[in-house]
Amino acid sequence: MIMEKHDSTTLLQDARYGHGCSAIDEYHMIILGGRDADGTLLASGILYNTRTQQSTPLPNDMPEALCAIRTVANADFLYVIGGKAGRRYVNTVYRLSVKTLEWATMAS
């Protein structure tokens, strides 16, 4: 997996809430967006290995910092649907390739 090439740390790096997460295979999930402990909106993501309990920051942030998002994944892509950017609700759909970790905007 391409994601194993990045530096890993144990457990989750920072507290976050209002995020989205989806399993992308038997041992990996991607956690995206939300807010940090200070309430700041996040565009960052984390790859979490449930077997080793190691987390790795994704190399590319989401196109927009969002919370209250919904995510769904299949073998090739993870989709981020809707959410909130501050007080504004959004109707965007972003797609992350789980192989290349590149983002694309599908609808806005």
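The values are calculated or read from the model by the stated rules, or taken from the named source; none is laboratory data. Just so you know, these numbers come straight off a predicted model, no measurement behind them. Note: ideal-geometry Cβ built from the backbone for every residue, glycine included; neighbour counts use all protein chains shown.
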Please verify whether region 78-99 includes one or more residues that are at positive phi and part of a strand (DSSP E or B). yes
Need the failing condition index for Ala15 against (1) modelled with pLDDT under 95; (2) surrounded by 14 or more Cβ atoms within 10 Å (Cβ to Cβ), just the number. (2)
Scan of region 39-95 for residues that are of a type in the set (Asp, Glu) and over 16 Å from Ile24 (Cα atoms), ordered by number: Asp61, Glu64
Restricting to region 64-78, give me the number of residues that are surrounded by 15 or more Cβ atoms within 10 Å (Cβ to Cβ) and not hydroxyl-bearing (Ser, Thr, Tyr). 9
Please work out if Asp76 is more than 10 Å from the chain's Cα centre (by Cα) and modelled with pLDDT of 95 or more. yes
